[in-house]
Amino acid sequence: MTASWKTFQLSERAANLPASATLALAAKAGALRAEGKPVVNMTVGEPDFATPQNIVDAAFRAVAEGATRYTPTAGTPALRQAVADLCSKCHGINLEPENVVVTPGGKFALFSACQALLNPGDEVLIPAPYWVSYPRAVELAGGVARAIPTSIGQHYLLTAKELEANLTHKVKLLILNSPSNPTGAGYGRKGLEKLAEVLAAHPQVRVLWDDIYRRLVYDHFEYVSPATVSDLAERCLFLDGVSKTYAMTGWRIGWAIGPKEVIAAMTRIQGHATSNAAAVSQAAALEALTGPQDSVDHMLLEFTRRRSLIMKLFGGIRGVRFVPPDGAFYLFCDVSAILDEQGGTDEELADRILHEALVAAVPGTPFGAPGHLRFSFATSDENIEEAARRLKKMLGTASH
Ligand SMILES: Cc1ncc(COP(=O)(O)O)c(C=O)c1O
């Protein structure tokens, strides 16, 4: 007998919450593959490499030695110290373990930061295109997410003028992600200094700085820490994790770095929400941060090659424009020329591409950027080549 339930009335919060578009698209592509269709899946937001062996070995050892119990809520002392050491170096500031809370993934650091900082009605500025979870985490905390659209001409980076025009006394937080998912664009020093000058007149605004792609940057781009920019440094709460840098998406380890009272508040929230990040994963993350780093260099070399390949091949598709990514592993394509010519939305185009060309990409709309498609190049050369072939066949070849 199948189970039957009375109707449960969902909260408005849950009823209004859309599913993650990236996960939904990946599921659609997976369903077509299960039917035997040779879909090239370029939706994924995770490295296609295995977690490095030294990290896996450390996890096995840790379990054998008893890492099977609750840990302190904010993380094991060893991991908090390792994160503090690493980030002190990277940002040029003196961090102590009390400035660090280890979370079950960077995503939970975002969630609990919003829970810790926002009151109902507080406004949060989010430059668009943005990572799909930012507005949702803000809204789940009762905040009001306000997107600031940017365009390809400005490399999708927020300008001081736009920031100024959007700041009101209700704005409590600005979320910045550098390099960005989905655009790969990163902020240079000048751009950050200009944003900081604007913020100087708004002492109530804090910055949630998402560092998750900090280590995945390409040769021409120099990562700039906001901690080295005056008027920005003291306002930042940092969010990061091991998922992207060490191919550890499934281990679910992230962290936030910030002033001790905020970290303590986030720790209290975590204490009631998840207790702690998994003990075995924390041991693995400790090895990731303190062990050999050659696997990171190797992955970055691979991504560098694939980035060149996808830019060369996708540059030959009719109606597709993009900015070379500074970091991360996405090519964010402006397809407005195709939509102008053929009609329809980016979501409909993504659907057509999936069914006609058997290439799965994520439409721009859930990133707050209609008229775009995001292609992940965390996939093999063969997949990138095959996707380009199919898309050229469907959409035509660029004339330049
Ligand atoms: C911009 C950005 N921030 C944070 C995260 C969180 O990653 P995780 O929860 O795996 O640490 C992601 C993952 O896709 C991301 O793209």
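Quick notes on this structure:
- Hydrodynamic radius of the chain by the Kirkwood approach over all distinct alpha-carbon pairs: 22.1 Å.
- Residue list for the range 296-311, given a label point 7 angstrom along the Cα-to-Cβ vector of F49 and an amide N cut-off under 19 Å: 296-310
- Spacing of the modelled spin labels on K170 and A27, each 7 Å from Cα toward Cβ, amounts to 3.3 nm.
- Modelled FRET efficiency - R0 41 Å, K312 with D57, Cβ distances, 0.05 increments: 0.60
- Distance between the range 246-296 and the range 168-182 - C-alpha centres, whole angstrom: 22 Å
- Taking the fewest neighbouring Cβ atoms within 10 Å as the starting point, the ordered list for S88, S399, S230 is S399, S230, S88.
- Short-range pairs are left out: with C-alpha atoms under 8 Å and at least six residues apart, the relative contact order of the range 67-290 is 30 percent.
- The Cβ shell under 13 Å around L391 holds other residues with a net charge of +3, Lys and Arg each +1, Asp and Glu each -1.
- Ranking of V320, V102, V144 by count of other Cβ atoms within 10 Å, fewest first: V144, V320, V102
- Using the Cβ-Cβ distance between A201 and E348 with R0 = 41 Å, the FRET efficiency computed as 1/(1 + (r/R0)^6) comes to roughly 0.45.
- The range 171-266: C-alpha gyration tensor shape, a/c 1.5 cut-off, then a/b vs b/c: oblate
- Descending semi-axes in Å of the range 67-290, equivalent ellipsoid built from Cα gyration tensor: 28, 19, 16
- Here the peptides 112-120, 33-41, 305-313 are ranked by packing, the mean other Cβ count within 10 Å, and the order with the highest first is 112-120, 305-313, 33-41.
- The stretch between R13 and A34 holds 4.2 nm of extra length on full extension. This uses 0.36 nm per residue minus the Cα-Cα distance.
- Anisotropy class of the range 116-212 from Cα gyration tensor, a/c 1.5 cut: oblate
- Relative contact order of the chain, taken over Cα pairs closer than 8 Å and 6 or more residues apart, is 23 percent.
- Counting Lys and Arg as +1 and Asp and Glu as -1 over every other residue whose Cβ lies under 12 Å from the Cβ of R215, the net charge comes to -1.
- Inter-part distance, the range 106-153 to the range 32-101, computed on C-alpha centroids, equals 24 Å.
- Principal axis box of the range 1-59, alpha-carbon based, largest edge first, Å: 49, 36, 31
- Computed [θ] at 222 nm, deg cm²/dmol, the chain (DSSP H ≥ 4; -39,500 (n - 2.57); rounded to nearest 500): -12000 deg cm²/dmol
Every number in this text was worked out from the coordinates using simple rules, so none of it is lab data. The structure presented is a predicted model; accordingly, all values stated were derived computationally and were not measured. Please note: Cβ atoms are built from the backbone with ideal geometry, for glycine as well, and neighbour counts cover all protein chains shown.
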